[in-house]
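Every number here is computed from the coordinates shown, using simple stated rules; none is lab data. This structure is a prediction, so every number in the text was calculated from the model and none was measured. Positions of Cβ are generated from backbone atoms using ideal geometry, with glycine treated the same way; all protein chains shown enter the neighbour counts.
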Amino acid sequence: MQHEAPNITTFVQLAARDADASRIAEAAVAQWSNIDAALSPIIGQSGVAALFKRSLRLTGVNYPCLHALSESTLRPGDHAGLRAALSQETALDAAAASDALQRTFHELLANLIGDSLAERLLRSAWNLPSIENGHAAREPAP
């Protein structure tokens, strides 16, 4: 069963607004930091890291930049590799990979805990940081 991610601003929409790959990468890393903050108290850092790594592996089938990252050693909460991988892509490819990765993560989480709870836990994390003056800026968590 495929789960729908909440109604969010997508990375592809950021790319359509002329964001380059490095800005998309920064926004993606900020979003994953928000996800870590939202889920770590509930499932632990290692649980979030395991879901993230599984999401990378599944999404990497269609996005080689993510596949290479899924094969590396990842430390919980460290998204520097994601930033580097996405920054090397075109803006559209980085955006598509980021969107696919978040959808896969949401689907895996929803399969474990249900759609409603997954959406509630991730609602604030799905809000992408605004991109101002060429830099991704973190929005305050609620």
Seminar exercise, completed: From the Cα centre of the stretch 37-60 to that of the stretch 78-118, the distance in Å is 10
Problem set entry | GluC sites (Glu not before Pro) lying in DSSP loop within the stretch 65-107, provided at most 14 other Cβ fall within 10 Å | GLU71
Seminar exercise, completed: Here the FRET efficiency for ARG75 versus ALA37, based on Cβ atoms and R0 = 22 Å and rounded to 0.05, is 0.85
Problem set entry | Extension reserve of the VAL61-GLN88 stretch, reckoned as 0.36 nm per residue once the Cα distance is removed | 7.9 nm
